[in-house]
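The values are calculated or read from the model by the stated rules, or taken from the named source; none is laboratory data. What you see is a predicted model, and the numbers here were worked out from it, not measured in a lab. Heads up, the Cβs are rebuilt from the backbone with ideal geometry, glycines too, and the neighbour counts pull from every protein chain shown. These area figures cover heavy atoms from the full protein model, side chains too; ligands, DNA and RNA do not enter into them. Shrake-Rupley method; radii C 1.70, N 1.55, O 1.52, S 1.80 Å.
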Amino acid sequence: MAFRRILATALLIAPAVQAQTYPSANDPRNGLKAGLHDAGSAIKGMRLVSHTPKAAPFDSATGLTFVNSDLAFKGDYVVQGNFAGFSIWNVKNPAQPQLVSAVSCITSQGDPSIIGNLLFLSAEGAGNRNDCAKGGVENPADHMAGVRIYDISNPAQPRLVKNV
(Lines give C-alpha, C1' and ligand atoms only; values in the text may rest on other atoms or scores of the structure.)
Protein backbone atom coordinates (compact mmCIF):
# COMPACT_ATOMS: atom_id res chain seq x y z
CA MET A 1 0.00 0.00 0.00
CA ALA A 2 2.77 2.45 0.91
CA PHE A 3 4.56 1.69 -2.36
CA ARG A 4 1.41 2.57 -4.36
CA ARG A 5 1.08 5.88 -2.50
CA ILE A 6 4.74 6.76 -3.19
CA LEU A 7 4.38 5.80 -6.86
CA ALA A 8 1.18 7.83 -7.26
CA THR A 9 2.82 10.87 -5.62
CA ALA A 10 5.88 10.54 -7.86
CA LEU A 11 3.72 10.37 -10.98
CA LEU A 12 1.86 13.53 -9.93
CA ILE A 13 5.05 15.47 -9.16
CA ALA A 14 7.14 14.37 -12.17
CA PRO A 15 5.45 16.64 -14.77
CA ALA A 16 5.86 19.65 -12.46
CA VAL A 17 9.64 19.22 -12.11
CA GLN A 18 10.37 18.48 -15.75
CA ALA A 19 13.09 20.85 -16.98
CA GLN A 20 12.59 23.05 -20.01
CA THR A 21 15.40 22.24 -22.41
CA TYR A 22 14.65 24.61 -25.29
CA PRO A 23 13.50 28.24 -25.27
CA SER A 24 10.00 28.93 -26.45
CA ALA A 25 9.37 30.44 -29.89
CA ASN A 26 8.92 33.93 -28.40
CA ASP A 27 12.05 33.82 -26.21
CA PRO A 28 13.88 37.19 -26.58
CA ARG A 29 17.22 35.32 -26.88
CA ASN A 30 16.17 33.81 -30.20
CA GLY A 31 18.01 35.36 -33.14
CA LEU A 32 20.52 37.38 -31.12
CA LYS A 33 23.49 38.66 -33.13
CA ALA A 34 26.75 36.81 -32.47
CA GLY A 35 29.95 38.73 -31.87
CA LEU A 36 33.04 38.95 -29.69
CA HIS A 37 32.47 42.55 -28.52
CA ASP A 38 29.16 43.44 -30.16
CA ALA A 39 26.90 40.45 -29.58
CA GLY A 40 23.20 41.01 -29.15
CA SER A 41 21.68 40.93 -25.69
CA ALA A 42 18.37 40.15 -24.07
CA ILE A 43 17.61 41.39 -20.57
CA LYS A 44 14.62 40.60 -18.41
CA GLY A 45 14.12 42.11 -14.97
CA MET A 46 17.51 43.88 -15.05
CA ARG A 47 19.09 47.02 -16.46
CA LEU A 48 22.51 47.19 -18.15
CA VAL A 49 24.62 49.66 -16.18
CA SER A 50 27.98 49.17 -17.89
CA HIS A 51 29.63 47.12 -20.59
CA THR A 52 33.32 47.15 -19.78
CA PRO A 53 35.94 45.33 -21.86
CA LYS A 54 37.90 42.54 -20.21
CA ALA A 55 41.30 43.17 -18.71
CA ALA A 56 43.95 42.94 -21.46
CA PRO A 57 45.50 39.62 -20.29
CA PHE A 58 42.09 37.95 -20.64
CA ASP A 59 40.79 39.67 -23.79
CA SER A 60 41.57 36.87 -26.21
CA ALA A 61 39.65 34.35 -28.26
CA THR A 62 42.42 31.76 -28.01
CA GLY A 63 42.92 29.12 -25.38
CA LEU A 64 40.80 29.51 -22.28
CA THR A 65 41.76 33.09 -21.38
CA PHE A 66 38.45 34.28 -22.82
CA VAL A 67 36.42 32.16 -20.36
CA ASN A 68 35.28 34.06 -17.26
CA SER A 69 33.91 32.07 -14.36
CA ASP A 70 32.24 33.58 -11.30
CA LEU A 71 32.28 36.83 -9.33
CA ALA A 72 33.05 37.59 -5.69
CA PHE A 73 32.33 40.87 -3.93
CA LYS A 74 34.03 42.87 -1.18
CA GLY A 75 33.02 46.45 -0.48
CA ASP A 76 33.55 48.49 -3.65
CA TYR A 77 35.47 45.66 -5.33
CA VAL A 78 34.44 42.81 -7.60
CA VAL A 79 36.80 39.91 -8.28
CA GLN A 80 36.12 38.44 -11.72
CA GLY A 81 37.43 34.89 -11.99
CA ASN A 82 38.84 33.60 -15.24
CA PHE A 83 40.23 30.25 -16.39
CA ALA A 84 43.60 32.02 -16.70
CA GLY A 85 43.59 34.12 -13.52
CA PHE A 86 41.45 36.93 -12.12
CA SER A 87 40.73 40.65 -12.33
CA ILE A 88 39.86 43.03 -9.52
CA TRP A 89 37.53 45.89 -10.41
CA ASN A 90 36.58 48.95 -8.38
CA VAL A 91 32.83 49.39 -8.89
CA LYS A 92 32.24 52.35 -6.59
CA ASN A 93 30.78 53.99 -9.69
CA PRO A 94 29.00 51.02 -11.30
CA ALA A 95 28.57 52.87 -14.59
CA GLN A 96 32.37 53.14 -14.93
CA PRO A 97 34.17 50.15 -13.39
CA GLN A 98 37.90 50.71 -12.97
CA LEU A 99 40.39 47.88 -13.39
CA VAL A 100 42.55 47.72 -10.26
CA SER A 101 44.61 44.63 -11.10
CA ALA A 102 44.71 41.60 -13.38
CA VAL A 103 46.60 38.50 -12.27
CA SER A 104 47.55 35.88 -14.84
CA CYS A 105 47.62 32.42 -13.30
CA ILE A 106 46.24 29.38 -15.10
CA THR A 107 43.47 27.84 -13.00
CA SER A 108 41.27 26.03 -15.55
CA GLN A 109 38.37 27.20 -13.38
CA GLY A 110 38.92 30.37 -11.32
CA ASP A 111 35.77 30.48 -9.20
CA PRO A 112 36.54 33.14 -6.54
CA SER A 113 35.42 33.41 -2.91
CA ILE A 114 36.49 36.07 -0.41
CA ILE A 115 36.82 35.86 3.36
CA GLY A 116 38.28 38.97 4.98
CA ASN A 117 41.35 39.92 2.92
CA LEU A 118 41.83 36.44 1.49
CA LEU A 119 40.77 35.45 -2.00
CA PHE A 120 40.24 31.74 -2.62
CA LEU A 121 40.44 30.72 -6.28
CA SER A 122 39.59 27.21 -7.42
CA ALA A 123 42.14 25.53 -9.66
CA GLU A 124 41.60 22.29 -11.49
CA GLY A 125 43.01 20.85 -14.66
CA ALA A 126 46.10 19.18 -15.95
CA GLY A 127 47.78 22.42 -17.11
CA ASN A 128 47.88 24.27 -13.77
CA ARG A 129 51.35 24.95 -12.46
CA ASN A 130 52.43 25.80 -8.91
CA ASP A 131 54.25 28.87 -10.27
CA CYS A 132 51.22 30.08 -12.32
CA ALA A 133 53.24 29.92 -15.53
CA LYS A 134 51.70 29.05 -18.88
CA GLY A 135 52.77 26.19 -21.08
CA GLY A 136 51.43 23.15 -19.28
CA VAL A 137 52.99 20.73 -16.85
CA GLU A 138 55.86 18.41 -17.78
CA ASN A 139 57.04 17.47 -14.28
CA PRO A 140 54.21 16.16 -12.05
CA ALA A 141 55.83 17.95 -9.08
CA ASP A 142 54.98 21.28 -10.80
CA HIS A 143 51.25 20.45 -11.06
CA MET A 144 48.73 22.29 -8.89
CA ALA A 145 45.07 21.37 -8.38
CA GLY A 146 42.98 22.65 -5.50
CA VAL A 147 42.69 26.19 -4.19
CA ARG A 148 44.99 29.16 -4.67
CA ILE A 149 44.92 31.61 -1.76
CA TYR A 150 45.74 35.28 -2.37
CA ASP A 151 46.12 38.18 0.03
CA ILE A 152 44.06 41.02 -1.46
CA SER A 153 44.47 43.51 1.41
CA ASN A 154 45.99 45.73 -1.31
CA PRO A 155 43.73 45.05 -4.32
CA ALA A 156 46.25 46.73 -6.62
CA GLN A 157 48.88 44.14 -5.68
CA PRO A 158 47.34 40.74 -4.91
CA ARG A 159 49.90 38.34 -3.46
CA LEU A 160 49.79 34.56 -3.76
CA VAL A 161 49.96 33.19 -0.22
CA LYS A 162 49.64 29.47 -0.79
CA ASN A 163 48.51 26.75 -3.16
CA VAL A 164 46.48 24.16 -1.27
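Taking segment 77-86 as the region of interest, how many residues are modelled with pLDDT of 95 or more and either open to solvent by less than 70 Å² (accessible area, probe 1.4 Å) or in contact with a helix residue (DSSP H, G or I) (Cβ under 9 Å, 6 or more places away or on another chain) (or both)? Total satisfying the criteria: 2.
In the set VAL67, VAL147, VAL137, which member is in contact with a Lys or Arg (Cβ under 8 Å, 6 or more places away or on another chain) and either more than 30 Å from LEU48 (Cα to Cα) or at pLDDT below 95 (or both)? That would be VAL137, the only listed residue that is in contact with a Lys or Arg (Cβ under 8 Å, 6 or more places away or on another chain) and either more than 30 Å from LEU48 (Cα to Cα) or at pLDDT below 95 (or both). When the test is whether a residue is open to solvent by 80 Å² or more (accessible area, probe 1.4 Å) and among the hydrophobic types (A, V, I, L, M, F, W, C), ALA25 passes it. Within segment 77-99, one or more residues are at positive phi, not aliphatic (A, V, I, L, M) and not in a loop (DSSP other than H, G, I, E, B). Taken together, LEU32, LEU36 contain a single residue that is modelled with pLDDT of 85 or more, aliphatic (A, V, I, L, M) and part of a loop (DSSP other than H, G, I, E, B), which is LEU32.
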